[in-house]
């Protein structure tokens, strides 16, 4: 089946595909549509996704066209409007909250919706609330009779949950919790939708009952009147001011001054406070991590990686239209994608986006398997799930951020224009490095759990090779060989870091000080472990594509590239214990450069396969038809700076220029 | 107003091992420079005409308006204060604009300097004074929608018409529209336009023309001119980067800048004497950009390190109060190598400026011999420092956690203002390849038996002519990882080897294929790597040589540690190269990793004082997190309250969208 005809936003020139783009698609080495189906998890999903996209894109309320020209206030207002409009449509068409349709609508709208935290609140309620609490609050939420947010981070405290200062003190006389922010640094800071929208917040606070501190628990706190939306007594809240992106979200602050809430508002699936103030624990202390893990896994697949995918599409498409200099004196100027240096910038990013897609899918399977067990109060998988999702979240967000920024810069000056779409992608993906757990803190649990050897670290005990057996560059194109190389280096670094810690301890260092003094090497080990997991996951996923040899071959090159690019970036780790020789690193380098050349002809097909619509990319550089320059010129002319007057001329420039005029 | 200093910062400053004032003098070049810089800064800080409003809360057009107002004030003040030295004007502007850019900036940096370099005496007489007094506002239009760094690809034409003695300027295609020039969109009424010159039916390549674009008096675009703003960008909100399309637009013959090349009234073309002369301007701008890299990174480090001393998080030992995050090894490992880099780049920038001035005197005496190497070196160093700084500012921002993402930190602005440096004035990869071309030429020269001089003289020592290159064991590779000098040697060896590898791979490709250009392309990843290694060596070398010039012992000691950290960190990041070329052994690499961690601990007590020595005023940092007094949280809260979204307690969208739709659902 051919992919559907695409029309780029109805502009006059878009009926014709740019000849430089057309030539790229003339002889694809695989069926792009079938790869799209694989990425979607089946042809029926692709069809459903496109159906949802056509609903969204045909509705003018959802247009993203003016996004780049709007102020923070306008973006917020549009975000709220779109959110409600989407829910009206969902009701009409019968899309349920957790349906694929909703997920696809989110993708088509690039998440540009207010009230995103409403959903996080619901997820937290479902993982931390009792059955009665879910029955009470979930319908209120679903019908938007309340608007809820999730308030964890404080002005002075972030990732480290135990450090949060907000208090919830139980008063047995009235059977209420007294919610209080004792200091300035205890002010809740950053939660989305808190600044202007939310009526309720799920507040994480230190529980104090019967005089004892019981650690972090979650409380539903009403903050704004359901009548007139004014702040309730004792509540101070507002917007935290301009940020790099997320302008459609009113990230907010919240101070609570002895605000009283009923006892029933503490979420009590894992812990309860009885009317007399007795505290009962029903789960491990780790159970509160569950909601973070839930959020993290969906972030990887639905939020973070698609941003890198889009950045790759824009940069690679632009690179076949942009021509610069000559490869031979007699030729016309060459497409910049034909330059080895440009391929070296972009193809590793493309390979990374594919690697994360396949790794993310398998992570989700593992997650679903563990999640139901945890809900049944079986916590045995939680440590591994927590460690794995943290480590991979750190890696994915770091790589996607660097990758998207590389794509932006690979577009030269035009990548700096918001009309390219790339600045927004970059400033959005970079937020993922610090939200839901700062990355350095995230990567570390990855290494702490390795003492217990769950499934993902079983390779630690597998027999290891002391030296890489490769003899020619071509040997490095075997997944088994490079997967073992990554396993080797991860094992060595993990052993090294354990050894360092031991040495410190034996020389009399205090346990915690010793840990702090070895965190850099632990981090290095955790990163190698995550890279290994990703290489392995990607390679295994490709083995299942035997029935699609052409696609398998194209993806195999990306998998090879991903693995080898990683080896070259950290060659020292592979050389240091002699696992790779200098000559072998040269082989890796030459295999890598050859791969760039081979991937070149598939580059456009590989980006087309992600199947993002032009509306969703919202990029003058990255449209399917390749009419880059016409679109950039046309869009720029619509900028308010051109359609509205220039008061600065009247006020300041004119007086300056006057004196010259008199001399003319 | 008396402000109490944050207790953590007070303690940090009390424990410093050196006097930051002495280090500030070194950074400024002399105590006298420091004094004068502060004097000028105070002029601005105490002048009521410069209101320092927070641009973060303004829309783009408001920001543009503020910037234009400031520029107008600036012209008056510079004259009033009698400031004429270019460095002093730069200090003045830097503080005045506070990390932001000005729409008339190109009038000074490009329009006027191009006039000076390429205009005849008569042309300067006519245009210079009005431009200096902002009576006309000029910009410099080179880049086109479809063409950038590759100048020969520009499409705009200027065709001479001898009948009327005019040039006809034309933008023949969409891709030929001038795109990006600062100040072009709304502000300027003149532009120096680069166009392909055609006369007597022949194309003579790129030349510069003064083109009036807006009518004096009304500021409306002149007939035949289409001009406007290119729309919103990542940063540079205040700047009206513009587009310009010319439709057979006529200008007098005298508007071509004719100091070097000329078109006679009858259309005869007279060639310039040397094309190397234009190198001078490029070298100057690139050396300025290296200085900018150092300054931007120094600001980012100041913010991140001060904030890390104020922020407390987690625990190192259970039961103890939350430690300063600067006490975590991972935080030190993130920030201290960047701090060392900021110092390293500062010395590179100072060296480049000095060399530029020295060589400029030579050029004045007609000696152009050093220009090619300087041109090649500045290209690579501009790319090397801007790439590193780009990533480093981001790393500083992320080291501030979530608050780094808020504009209150000042870091997003520093980043988006700096990052275009990677693409403008020559795209970085192209710059690296320019350096590589010079390195390959030097390598060939050594290969054919001639010695080379300057920074590339290490190529003279390459043993490749006499011995098999694999037998590098014969090289003097006893590296002492505690000696800056010895580490410079290690970087020198690495550069030499990577240049040689690139040269050999290039030869192999040439022998396999017909075209030299194709071979060059297929070696370009190696070539960029060689250039980077060369620039890294130059940076380490300049840093370690700087140490010898410092008299004060405590200052020298602290800079020596930074120099070691910079060098060793680079080795740990590129360990593969040093191992593969047998410059360092496996166990030395282990020692390098170990030594880096020791240095982090050694530098820790001086970290805050080391950023204090950069001597940035709070107003020029533009950051709540990086305040000198460390009172971060109180001011963060105050700052947020000014957000436009907080204007009314109940936002209008509640009545418009939330309330009506809530009832429908």
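The values are calculated or read from the model by the stated rules, or taken from the named source; none is laboratory data. Note that the structure is a prediction, hence the values are computed from the model and not measured. Cβ: placed from backbone, ideal geometry, glycine included. Neighbour counts: every protein chain shown.
The table below gives the values:
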item	result
Output for segment A:68-82, where each listed residue is part of a helix (DSSP H, G or I) and more than 7 Å from chain B (Cβ to nearest Cβ)	A:74, A:75, A:78, A:79, A:82
Filter result (under 30 Å from residue A:336 (Cα atoms) and part of a loop (DSSP other than H, G, I, E, B)) within segment A:618-659	A:618, A:619, A:620, A:621, A:622, A:623, A:624, A:625, A:626, A:627, A:638, A:639
Per-region count, segment A:223-253, residues farther than 21 Å from residue A:83 by Cα, part of a loop (DSSP other than H, G, I, E, B), over 28 Å from the mean Cα position of the chain (by Cα) and within 8 Å of chain B (Cβ to nearest Cβ)	1
Flag if residue A:162 is within 14 Å of chain B (Cβ to nearest Cβ), under 28 Å from residue A:212 (Cα atoms) and not in a loop (DSSP other than H, G, I, E, B)	yes
Segment B:505-550 - residue that is out of contact with any helix residue (DSSP H, G or I) (no Cβ under 8 Å at 6 or more places or on another chain) and in a helix (DSSP H, G or I) and, of those, nearest to residue B:572 (Cα to Cα)	B:545
Scope segment B:377-393; condition surrounded by fewer than 24 Cβ atoms within 10 Å (Cβ to Cβ) and farther than 20 Å from residue B:352 by Cβ; matching residues	B:391
Filtered residues of segment B:132-165 (kept if part of a strand (DSSP E or B) and either within 13 Å of chain A (Cβ to nearest Cβ) or crowded, with 21+ Cβ neighbours inside 10 Å (or both))	B:138, B:139, B:140, B:141, B:144, B:147, B:158, B:160
Residue in segment B:555-574 that is closer than 25 Å to residue B:380 by Cβ and outside any helix (DSSP H, G or I) present	yes
Flag if residue B:267 is surrounded by fewer than 23 Cβ atoms within 10 Å (Cβ to Cβ) and more than 17 Å from residue B:162 (Cα to Cα)	no
Residue in segment A:323-342 that is surrounded by the fewest Cβ atoms within 10 Å (Cβ to Cβ), counting only those that are facing chain B (nearest Cβ under 9 Å) and farther than 19 Å from residue A:414 by Cβ	A:329
Subset tally (residues that are buried (at least 19 other Cβ atoms within 10 Å of the Cβ) and either assigned to a loop (DSSP other than H, G, I, E, B) or not assigned by the TED database to the domain that holds residue A:484 (or both)) for segment A:574-606	3
Only listed residue being surrounded by fewer than 16 Cβ atoms within 10 Å (Cβ to Cβ) and either without any contact (Cβ under 8 Å) to a residue 60 or more places away in the chain or away from chain B (no Cβ under 13 Å) (or both), chosen from A:53, A:97	A:97
Single residue of segment A:27-62 satisfying the filter (part of a loop (DSSP other than H, G, I, E, B) and touching a helix residue (DSSP H, G or I) at 6+ places or on another chain (Cβ under 8 Å)) that is farthest from residue A:83 (Cα to Cα)	A:29
Selection count where residues are part of a loop (DSSP other than H, G, I, E, B) and either more than 10 Å from chain A (Cβ to nearest Cβ) or surrounded by fewer than 21 Cβ atoms within 10 Å (Cβ to Cβ) (or both), scope segment B:625-660	12
Residues being within 10 Å of residue A:206 (Cα to Cα) and either outside the structural domain of residue A:210 (by the TED database) or in a loop (DSSP other than H, G, I, E, B) (or both) - total across segment A:165-182	2
Subset of segment A:529-552 [part of a helix (DSSP H, G or I) and over 25 Å from residue A:488 (Cβ atoms)]	A:549, A:550, A:551, A:552
Residue B:445 vs. criteria at pLDDT 55 or above, over 17 Å from residue B:526 (Cα atoms) and not in a loop (DSSP other than H, G, I, E, B)	yes
Residue A:377 in contact (Cβ under 8 Å) with a residue 60 or more places away in the chain and part of a helix (DSSP H, G or I)	no
Conditions (1) modelled with pLDDT under 95; (2) under 31 Å from the mean Cα position of the chain (by Cα): number failed by residue B:271	(2)
Flag if residue A:145 is modelled with pLDDT of 90 or more, within 14 Å of chain B (Cβ to nearest Cβ) and either surrounded by fewer than 24 Cβ atoms within 10 Å (Cβ to Cβ) or within 17 Å of residue A:262 (Cα to Cα) (or both)	no
Residue check, residue B:611 in a helix (DSSP H, G or I), under 30 Å from residue A:520 (Cα atoms) and more than 9 Å from chain A (Cβ to nearest Cβ)	yes
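For every residue, the table says whether it meets (1) more than 20 Å from residue B:561 (Cβ to Cβ); (2) part of a helix (DSSP H, G or I).
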residue	(1), (2)
B:284	yes, yes
B:295	yes, yes
B:300	yes, yes
B:309	no, yes
B:321	yes, no
B:331	no, yes
B:351	yes, yes
B:357	yes, yes
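Per-residue answers, yes or no, for (1) closer than 28 Å to residue B:128 by Cβ; (2) in contact (Cβ under 8 Å) with a residue 24 or more places away in the chain:
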site: B:289; (1), (2): yes, yes
site: B:309; (1), (2): no, yes
site: B:325; (1), (2): no, no
site: B:330; (1), (2): no, no
